Amino acid sequence: MKNILLATFLFIGIAVQAQSKKKFDKPTVVEASCGECQFGMKGKSCDLAVRIDGKSYFVDGTTIHDHGDAHSEKGFCNAISKALVTGEIKGDRFKATSFTLIDDKK
């Protein structure tokens, strides 16, 4: 009985771990903006976030201030931009290893 219980908890732990991590080894286009201002996320101040497959994640590895004035007309607090990223989703955060804004020429 103990072995069945242990195996069940081990299986659940592995399944949860697998669901909370997703790697992006190849550059992937995502939406990027201020999590609070544009994506409606709960936070304490303006913070960089990405939206991947309809879900928003705060970003670690770069900040909202590393990419220009967030409060300018096309800044992250006023517009949603496209970015080319690599990294990994860990839990509810995106750990960026690279983050490059895509120039939107319209």
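The values are calculated or read from the model by the stated rules, or taken from the named source; none is laboratory data. Predicted, not measured: the structure shown is a model, and the values here were computed from it. Positions of Cβ are generated from backbone atoms using ideal geometry, with glycine treated the same way; all protein chains shown enter the neighbour counts.
The table for this structure:
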{"read-out": "Contacts under 9 angstrom Cβ, first residue in the range 82-94 being of a type in the set (Gly, Ala, Ser), partner surrounded by fewer than 16 Cβ atoms within 10 Å (Cβ to Cβ) and outside any strand (DSSP E or B), 6 or more apart", "value": "83/102; 91/20"}
{"read-out": "Residues satisfying the stated conditions in the range 79-106, i.e. under 19 Å from residue 39 (Cβ atoms), at pLDDT 95 or above and not hydrophobic (A, V, I, L, M, F, W, C)", "value": "81, 82, 87, 90, 93, 95"}
{"read-out": "Number of the condition not met by residue 6 [criteria: (1) touching a strand residue (DSSP E or B) at 6+ places or on another chain (Cβ under 8 Å); (2) at pLDDT below 95]", "value": "(1)"}
{"read-out": "Neighbours by Cβ (under 6 Å, 6+ apart or cross-chain): first from the range 30-54, within 21 Å of residue 98 (Cβ to Cβ); second surrounded by fewer than 16 Cβ atoms within 10 Å (Cβ to Cβ) and at pLDDT below 95", "value": "35/43"}
{"read-out": "Residue within the range 70-78 that is under 15 Å from residue 23 (Cβ atoms) and touching a residue at least 12 places away in the same chain (Cβ under 8 Å) present", "value": "no"}
{"read-out": "Those residues of the range 48-65 which are more than 10 Å from the chain's Cα centre (by Cα) and buried (at least 18 other Cβ atoms within 10 Å of the Cβ), in sequence order", "value": "62, 64"}
{"read-out": "Failed condition for residue 24, given (1) on the phi < 0 side of the Ramachandran plot; (2) modelled with pLDDT under 95; (3) surrounded by fewer than 16 Cβ atoms within 10 Å (Cβ to Cβ); (4) within 13 Å of the chain's Cα centre (by Cα)", "value": "(3)"}
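Table: residues versus (1) touching a strand residue (DSSP E or B) at 6+ places or on another chain (Cβ under 9 Å); (2) of a type in the set (Ser, Thr, Tyr); (3) part of a strand (DSSP E or B).
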site: 24; (1), (2), (3): yes, no, yes
site: 28; (1), (2), (3): yes, yes, yes
site: 31; (1), (2), (3): yes, no, yes
site: 43; (1), (2), (3): yes, no, no
site: 72; (1), (2), (3): no, yes, no
site: 76; (1), (2), (3): yes, no, no
site: 85; (1), (2), (3): yes, no, yes
site: 88; (1), (2), (3): yes, no, yes
site: 98; (1), (2), (3): yes, yes, yes
